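The values are calculated or read from the model by the stated rules, or taken from the named source; none is laboratory data. These numbers were taken from a predicted model, which means no experiment stands behind them. Cβ atoms come from the backbone with ideal geometry, glycine included; neighbour counts cover every protein chain shown.
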Amino acid sequence: MDELVALVDADGVVCGSAPRSVMRRDNLRHSATGVLVRNSAGEVYVHRRTPTKDVYPARYDFMAGGVIAAGEDPYDAVVRELAEELGITGVALEKLPEGDYADEFTNYHAYLYTCRWDGPIHHQPEEVDWGAWMAVPDLLARLDDPSWPFVPDTTALLGDYLRQL
């Protein structure tokens, strides 16, 4: 399915929509959500994206989330993405500062959140092929380890926040 994605201007204001395939092909500016999931021990949930993902395939990530659909509220999108990707529902989300990210593969305005979750994790098989809880110092060490290729957008958007935990 080629879902319609909300396109945004330089200020993050919705200015149109396009099919996801066109947004990716032309690297159009859109909006997306992201949530850093931590458990009560302070560990962060880290996962590896499937090799079939349309951007940053087979890379590690410490943020769940995704593209906001045309007409979708950012908060509703983060709730949907968290449920789809990791099977997390009914959790309180804490808003983090919004951010922007752009490179040759993606260009978006990010609505960022964090949450605490001690329940089970259920991966969406099309999106996630591995995941585990990781202590913050271990995660920070892996960010500098080339054998653990992380997605650059999450690192850019939440790396400083992670270093403050």
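Annotations
- Of all residues in the range 94-117, exactly one satisfies the criterion of being closer than 21 Å to ALA41 by Cα, loosely packed, with under 15 Cβ neighbours inside 10 Å and in contact (Cβ under 8 Å) with a residue 24 or more places away in the chain, namely ARG116.
- Per the conditions (1) at pLDDT below 95; (2) within 23 Å of ARG20 (Cα to Cα), the sole criterion not satisfied by GLY99 is (1).
- Residue count, the range 137-165 (criterion: aromatic (Phe, Trp, Tyr) and surrounded by 15 or more Cβ atoms within 10 Å (Cβ to Cβ)): 1
- Identity of the residue in the range 118-136, surrounded by 15 or more Cβ atoms within 10 Å (Cβ to Cβ) and part of a strand (DSSP E or B), that ends up nearest to the chain's Cα centre (by Cα): VAL128
- Strands (runs of 3 or more DSSP E) contained in the range 1-107 and holding at least 2 residues among the β-branched types (Val, Ile, Thr): 4-8, 30-38, 44-49
- Hits in the range 10-56 - residues which are buried (at least 17 other Cβ atoms within 10 Å of the Cβ), touching a Phe, Trp or Tyr at 6+ places or on another chain (Cβ under 7 Å) and over 21 Å from PRO152 (Cβ atoms): none
- Of the residues LEU112, LEU139, the single one that is closer than 18 Å to VAL79 by Cβ and not in a loop (DSSP other than H, G, I, E, B) is LEU112.
- Residue, modelled with the lowest pLDDT, within the range 39-54, restricted to residues that are touching a Lys or Arg at 6+ places or on another chain (Cβ under 7 Å) and within 22 Å of GLY99 (Cα to Cα): ASP54
- Within the range 77-89, residues that are farther than 22 Å from HIS109 by Cβ and at pLDDT 95 or above have Cβ atoms under 6 Å from residues that are surrounded by 19 or more Cβ atoms within 10 Å (Cβ to Cβ) and small (Gly, Ala, Ser) in these pairs: LEU86/ALA64, counting only partners at least 6 apart in sequence or on another chain.
- Annotation: of all residues in the range 65-84 being under 18 Å from VAL55 (Cβ atoms) and among the charged types (D, E, K, R), the one that is surrounded by the most Cβ atoms within 10 Å (Cβ to Cβ) is GLU81.
- For LEU93, the criteria (1) out of contact with any Ser or Thr (no Cβ under 7 Å at 6 or more places or on another chain); (2) closer than 15 Å to ASP61 by Cβ hold in every case but one, which is (2).
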